[in-house]
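Each remark here refers to the structure printed beneath this line.
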Amino acid sequence: MHFATKLKDRFVKMDGSKFDMKTTVYPTPGSGHYFNMKIFGLTFSVEDINNLQDCIWTNKSFLPRTSASPLPESTGLKSLSDIATKMAIVLDDENSTSGLLAHNKLRATVNSTLHNEHFVHTMRLLKAFKTEGNFEKKQQIGQYISDVAFFAQWLIRGYLFEGKLHYEMFCSDVIPEPLSKIAFAANAALGRHQIEFVYDDYTLKAAIFPPDFDVDAIDYDNPMAILNAIASIKTPVGFNDVKVPSTIFVIIIASWKLK
């Protein structure tokens with residue numbers, strides 16, 4: 001009995017992993033560790049992965065260059081973010097509308113809305129990133145791939161735990177395709193080996209700062225000032241409540257302070 005798919009049978013896997021045994025520092029992708037990611041027939045080199053990460057992260061703080069935002073129609077993946085932004089138990093609107101999770105409809109909506117064409121569009125984004133030569137366009141495609149991983153992860157979280165909100169005995173034990181394939185593809189392109197509960201997706205990429213937000217102006221010795229700063233941060237998604245910022249944004253404030 002096998003509790004995991006054999007490596008030779010996997011559709012997403014690391015290939016040709018090699019370490020530079022002479023390196024004097026901890027090996028990281030492209031610097032002491034070299035490999036390719038095989039992603040449903042598409043090869044992402046370690047250089048592709050590093051290029052994609054450069055589109056998303058800065059070297060000045062622990063935060064991404066920009067927060068996640070709904071996917072445009074042009075990507076063919078708008079449905080992914082449309083569902084995710086409507087999934088929270090309480091949505092961020094003036095009426096505090098209850099979302100899909102409150103009505104036990106998230107899983108049904110995912111099952112009926114997402115189709116193989118959405119997986120195909122995800123793979124087209126990955127291929128477009130590899131081949132795009134224009135810097136600005138490549139940056140934009142890289143952000144789209146990051147957003148796909150972001151919204152796919154939130155949908156996975158909702159899919160797994162929706163049943164527990166409605167007193168079902170067990171959580172869902174399988175994430176169906178194409179959601180599972182979309183998440184695997186986007187995360188593999190980002191160099192990840194985990195597709196759910198990835199720290200930066202459920203915290204850092206979720207933070208939308210006000211235009212006039214000044215992290216250096218916060219009085220970190222004043223708990224109320226910190227809470228007010230956190231309350232000004234918005235997010236496009238949520239599980240319990242989108243309108244009331246989560247305490248996870250404390251981590252975000254700390255990330256800025258440590259930059």
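Give, as a single signed number, the net charge of other residues whose beta carbon lies under 14 Å from the beta carbon of Leu165, with Lys and Arg counted +1 and Asp and Glu -1.
+1
Using the structure shown, select from Lys8/Lys127; Lys86/Lys181; Lys18/Lys78; Lys60/Lys86; Lys13/Lys234; Lys38/Lys205 the pairs with a Cα to Cα distance greater than 31 angstrom.
Long pairs (Cα-Cα over 31 Å): Lys18/Lys78; Lys60/Lys86; Lys13/Lys234.
Show me 187-200, 6-19 ranked by packing, highest mean number of other Cβ atoms within 10 Å first.
187-200, 6-19
Pull up the cross-link candidates among the aspartates and glutamates for Lys130, meaning alpha carbon to alpha carbon under 14 Å and not fewer than 8 places away within one chain.
Glu47, Asp48, Asp54
Rounded to the nearest 20 Debye, what is the dipole magnitude of the chain about its Cα centre when Lys and Arg each give +1 and Asp and Glu each give -1 at the C-beta?
960
Would you please put 231-239, 153-161 in order of how densely packed they are, using the mean number of other Cβ atoms within 10 angstrom per residue and starting with the highest?
Ranking, from highest mean packing down: 153-161, 231-239.
Using alpha carbon centroids, what distance separates region 140-212 and region 111-126, in Å?
Taking the Cα centre of region 111-126 as reference, the centre of region 140-212 is 15 Å away.
Before anything else, pin down the relative contact order of region 120-213: Cα pairs under 8 Å, at least 6 apart, normalised by residue count, whole percent.
That works out to 31 percent.
The numbers here are math on the coordinates, done by the rules we state, and not lab data. Model, not experiment: these values are computed from the prediction. Glycine also receives a Cβ, built like all others from the backbone with ideal geometry; neighbour counts cover every protein chain displayed.
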